[in-house]
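J.: Please find one structure pasted underneath; my questions will follow.
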Amino acid sequence: MQRNINLITALMAGTIIASMPVNAEVSAEAEAIEEITVTATRVERPVFTTPTAVSVISRDNIELFQPLSYADVLEGVPGVAIQGGSRRISEEPNIRGFLDNQVVIRLDGARQNFDLAHRGRFFVDPDLVNRIEVIRGSASALYGSGALGGVISVETIGANDLLREGESFGGRMKVGYQSNGDELLTSAGLFGKSGPIDVFGNIVYRQIFNDLEGGSGNPIIDTEDRLVNGLINVGINLAPHHRLEIVADSYDNEGENPTAADSVSSPNTVVDRDTRERNVRTTYRFNDPDNALINLTASAYYTDIDVTEDRFIDDRLDVSDFSSRGIDINNTSTFGADSDVSLALTYGFEWFRDEQSGTRDGGDRLQFPDAERSFTAFYAQAEIELFDVISVIPGIRYDDFSQETDLGNDRSEDAFTPRIAVGITPSDWLYVWGSWAEAFRAPSLTELFSNGVHFVVPNGLGPNTLVINEFAPSPDLLSEQAESFEFGARVRFEDEASDIGFQASATYFSSDIDDYVNQVVSFIDPTRPPQFTPPFGPTVFFGSTVNSNIDAKISGFEAEARFESTYFSASLSGFTVDGDDQTNDTGLGSIPQDSLTFALNGTIPDWGLRIGGRATVASAQRDVPDGSVETDGYETVDLFVTWVPKALGGFTVTAGIDNVFDEEFSIHPTVIEQPGRSFRITLSHQFGG
């Protein structure tokens, strides 16, 4: 509790310090510096006046730190931690203690439902990402099963994002190097527009030639990999206000990693892994500003992911196939837009089906059985605006879902998930809001049927010991049901004469979850005695990974502040989360470390320079179930400099140092280290005509 009080105090102090220089008059144009969200309500809305905790990350901010992974991209977003360790193929989201499939990931509007026990959920390279929106908090009323913790919505790049004014074609090239692991990045793309058609195509190649090194100075064994990611985006303006977009991408990752890619490597678990993803998604939009009744979006998608793992020690061959297809159609009708009382009514239909199959040495595989599940949903939301002061946003969704497996564990259920949010704008500089929501999640196929070895840790309990952790299948898991409350406030100030601005926000959240799926990872299973291997072999200890339904409570506080001026900007963000297993009166093993991130950068426009960095401080996580993974605190610093030489039009040089002080650290609850110090440099060029 004391660490939480300390962090909250630091956040409040930082907010006060950041706001002290701003002796600004309130401006009606302050909203000009505010980001727009399209995910929080499925309708464009300024973030400042959205009664939801939401963050937006732009392509410019993604490129500043030359990310190795999504942990780099989302560092500093309040309440968010990307776990999985230093192998990018194992990265999974954690928002406010809701992890992995308790968070919905969408790629250009298409759900990304793949979930195979620590094999990752991000299958697009950050260099192809134009924008990311993160909703924190229950969002099942719009996004259905899995949105207990929130939604991460990733939008890839299109031609219109790159074409400058007056250009009809162009290209971009990039080459980068990171010293830790000797990673090489090359990226090349072409884009253009002719008549009603615009096209963007790009291919990214990355390779880590040597194992990454942790801050401990030791290599992080089996972290070499090779990645090829290609994308093509075609947009067609069919007629005025009618647009069709088709996006296809291919993602191939090859590496020699442990079976559980987020674990410490052992010769007993290393496989030659090939992960192949193919994704096609298409979106049709009709948006006529003069037609208040129809603002239509219809999307369809198909995803196919194949994972092949050939274990070196015995040539065991596992093949896992996963496919997902779905459609999502929604429309917004607006009434009384120019009056004191207005209504925007959004209503829609969503359907998707996931299918999986797995084999081991050509035969059936109990750990990944043939199975399928399907969801059919209807949803509606009203945005009621009263006198430009009060917003009332109620919504509800109905989901009907079923599951079938070749093991006979068939099930079908349905769920209603309502939500209501209220926002008040007493003045241009202040916004306060609150919300109540219910959310649900059907257990994933992986949670129900996981079996076999989870991870192996050599010397995990001392010299000449070996810890073997094994999954326990849990086919009778119930669906999670959550009830959440949130309260937040935002302030902003702007002084146009001095060209400075300040924004800050704070949010308190609390969720009560019935039948929370709690995964307890224990190094020692008390029901299984250690095994001795004479005469000189290690003593083998057996651990377990068990999923069970419990009643849980998660609550916390997050805050952020940002000061901006022509030559200088600074930001502060942080969060603290408490999670309680109310069934067993212990902490939850999924709660991320409390953290605080400070970012600072300055610009010298005449020289084309931008210089800055960020520092993150995270506390230790000890409040976990007995025998579960505990994680130390850490402090990291990243630096960057970007140079756009005026004499070389279109060229940009970005250099930086990640983890400047070579800190040894892990992101809870992952046991594997994060990379240590890395020198990074990227040369990019964009041309057009």
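The values are calculated or read from the model by the stated rules, or taken from the named source; none is laboratory data. None of the values given here were measured: they were computed from a predicted structure. When we count neighbours, we look across all protein chains shown, and the Cβ atoms used for this are built from the backbone with ideal geometry, even at glycine. Heads up: the accessible areas ignore ligands, DNA and RNA and are worked out on the full protein's heavy atoms, side chains in. Shrake-Rupley method; radii C 1.70, N 1.55, O 1.52, S 1.80 Å.
J.: Put a dot 7 Å past each Cα toward the Cβ at residue 236 and residue 387; how far apart are the dots in nm?
T.: 5.0
J.: Sequence gap at least 6, Cα distance under 8 Å: using those rules, report the relative contact order of region 33-172 to the nearest whole percent. Write down the numbers at each step before the final one.
T.: Values: 244 pairs, mean separation 31.6, N = 140.
23 percent.
J.: Go through 544-555, 291-302 and give me the packing order, highest mean Cβ count within 10 Å leading. Display every interim value, and only then the final one.
T.: On the way: 544-555: 18.8, 291-302: 17.2.
Going from most to least packed, we get 544-555, 291-302.
J.: Also, I was wondering about something else. Take 471, 661, 352 and sort them by solvent-accessible surface of the protein heavy atoms, 1.4 Å probe, largest at the top. Don't skip to the answer; put the middle values down first.
T.: Values: 471 30, 661 150, 352 0 Å².
Most to least solvent-accessible, the answer reads 661, 471, 352.
J.: Still on this model: Just subtract the alpha-carbon distance of residue 655 and residue 302 from 0.36 nm times their residue separation and send over the number in nm, one decimal. List each step's numbers first, then the result.
T.: Working: separation 353, 0.36 × 353 = 127.08 nm, distance 3.78 nm.
Result for the pair: 123.3 nm of gain on full extension.
J.: Along the positive direction of the dipole of the chain (beta-carbon charges: Lys, Arg +1; Asp, Glu -1; about the Cα centre), which of 505, 588, 187 reaches farthest?
T.: The Cα lying farthest towards the positive end belongs to 187.
J.: Let me ask you something else. Compute the long axis of helix 2-19 from its Cα atoms, compare it with the longest principal axis of the Cα atoms of the chain, and write down the angle in degrees, 0 to 90, nearest 10.
T.: 30
J.: Need one value: the accessible area of residue 410 in square angstrom, 1.4 angstrom probe, rounded to the nearest 10.
T.: Around 100 Å² of this residue is reachable by solvent.
J.: Now for a different question. Roughly how many Å² is the accessible area per residue of region 545-649, as a whole number, for a 1.4 Å probe?
T.: Normalised by residue count, the accessible surface of region 545-649 is 43 Å².
J.: While we're on this one: Under 13 Å Cα-Cα from residue 193, which aspartates and glutamates qualify once same-chain neighbours fewer than 8 residues away are excluded?
T.: List returned: 161, 165, 167.
J.: Taking +1 at the Cβ of each Lys and Arg and -1 at the Cβ of each Asp and Glu, which of 207, 603, 467 sits farthest along the dipole of the chain towards its positive end, judged by Cα position relative to the Cα centre?
T.: 603
J.: When ranked by the protection proxy of mean other Cβ atoms within 10 Å per residue, highest first, what sequence do the peptides 355-368, 121-134, 524-537 form?
T.: Details: 355-368: 16.0, 121-134: 22.3, 524-537: 10.7.
Averaged packing, sorted descending, gives the order 121-134, 355-368, 524-537.
J.: Can I ask one more? Towards the positive end of the charge dipole of the chain, with charges on Cβ (+1 Lys, Arg; -1 Asp, Glu), say which of 356, 649, 482 has the farthest Cα.
T.: So the residue furthest toward the plus end is 649.
J.: When the dipole is taken about the Cα centre of region 235-287, and only Lys, Arg (+1) and Asp, Glu (-1) are charged at their Cβ, what size is it in debye, to the nearest 20? Write down the numbers at each step before the final one.
T.: Details: 6 positive and 9 negative charges, 105 e Å.
Its charge dipole is roughly 500 debye.
J.: Ok, one more. When the chain is fully extended, how far beyond the present Cα-Cα distance does residue 459 get from residue 164, taking 0.36 nm per residue of separation? Walk me through the intermediate numbers first.
T.: Numbers: separation 295, 0.36 × 295 = 106.20 nm, distance 5.65 nm.
Here the segment from residue 459 to residue 164 would lengthen by 100.6 nm.
J.: Please enumerate, by chain and number, the lysines with C-alpha under 25 Å from the C-alpha of residue 646, excluding those fewer than 8 residues away in the same chain.
T.: Hits, sequence-local ones excluded: 174.
J.: Counting only the heavy atoms of the protein chains, how much of residue 622 is accessible to a 1.4 Å probe, in Å² to the nearest 10?
T.: Answer for residue 622: close to 120 Å² accessible.
J.: Another one. Using Cα-Cα distances under 8 Å and only pairs 6 or more residues apart, what relative contact order does the chain have, in percent? Each step should come with its number before you reach the end.
T.: Working: 2034 pairs, mean separation 94.3, N = 689.
This gives 14 percent for the chain.
J.: Follow-up. With a 1.4 Å probe and every protein chain left in place, work out the accessible area per residue of region 43-154 in Å², rounded to a whole number.
T.: Values: 1710 Å² over 112 residues.
Here the residues of region 43-154 average 15 Å² of exposed surface.
J.: Rounded to the nearest 20 debye, what is the charge dipole size of the chain about its Cα centre when +1 sits on each Lys and Arg Cβ and -1 on each Asp and Glu Cβ? It would help to have the intermediate numbers written out before the result.
T.: Values: 47 positive and 106 negative charges, 204 e Å.
Dipole of the chain, to the nearest 20 debye: 980 debye.
J.: Which value, in Å² rounded to 10, gives the accessible area of residue 438 with a 1.4 Å probe and all protein chains present?
T.: Residue 438 exposes around 70 Å² with every protein chain in place.
J.: Rounded to the nearest 20 debye, what is the charge dipole size of region 435-567 about its Cα centre when +1 sits on each Lys and Arg Cβ and -1 on each Asp and Glu Cβ? Before the final figure, lay out each step's value.
T.: Values: 6 positive and 19 negative charges, 159 e Å.
With only Lys, Arg, Asp and Glu charged at Cβ, the dipole is about 760 debye.
J.: At a threshold of 8 angstrom on Cα-Cα distance, excluding pairs fewer than six apart, so keeping six or more, what relative contact order does region 576-689 reach in percent? Write out the running numbers ahead of the final one.
T.: Numbers: 253 pairs, mean separation 23.8, N = 114.
Reported relative contact order: 21 percent.
J.: For the chain, what are Rg and Dmax over the alpha carbons, in angstrom?
T.: 24.7, 85
J.: How would 277, 483, 256 line up by accessible area, probe 1.4 Å, largest first?
T.: Values: 277 0, 483 70, 256 90 Å².
From most exposed to least exposed: 256, 483, 277.
J.: Moving on to the next point. Let me check something: with ligands and nucleic acids excluded, how do 145, 571 order by accessible area (1.4 Å probe), largest to smallest?
T.: On the way: 145 5, 571 40 Å².
The ranking, largest first, comes out as 571, 145.
J.: I need the calculated FRET efficiency for the pair residue 349 and residue 226, taking r as the beta carbon distance and R₀ as 30 Å, to the nearest 0.05. Display every interim value, and only then the final one.
T.: Details: r = 41 Å, r/R0 = 1.35.
After rounding, the FRET efficiency stands at 0.15.
J.: Between region 177-205 and region 372-396, what is the C-alpha centre distance in whole Å?
T.: 37
J.: Could I ask something else about it? Karplus couplings for region 546-558 from phi (6.51 cos²θ - 1.76 cosθ + 1.60, θ = phi - 60°), rounded to Hz, Gly and Pro as x?
T.: Once rounded to whole Hz, the list reads 10, 9, 8, 8, 9, 9, 9, 9, 10, 9, x, 9, 9.
J.: Label-point separation (nm) for residue 312 and residue 607, each offset 7 Å from Cα along Cα-to-Cβ?
T.: Each label point lies 7 Å from its Cα, and together they span 4.8 nm.
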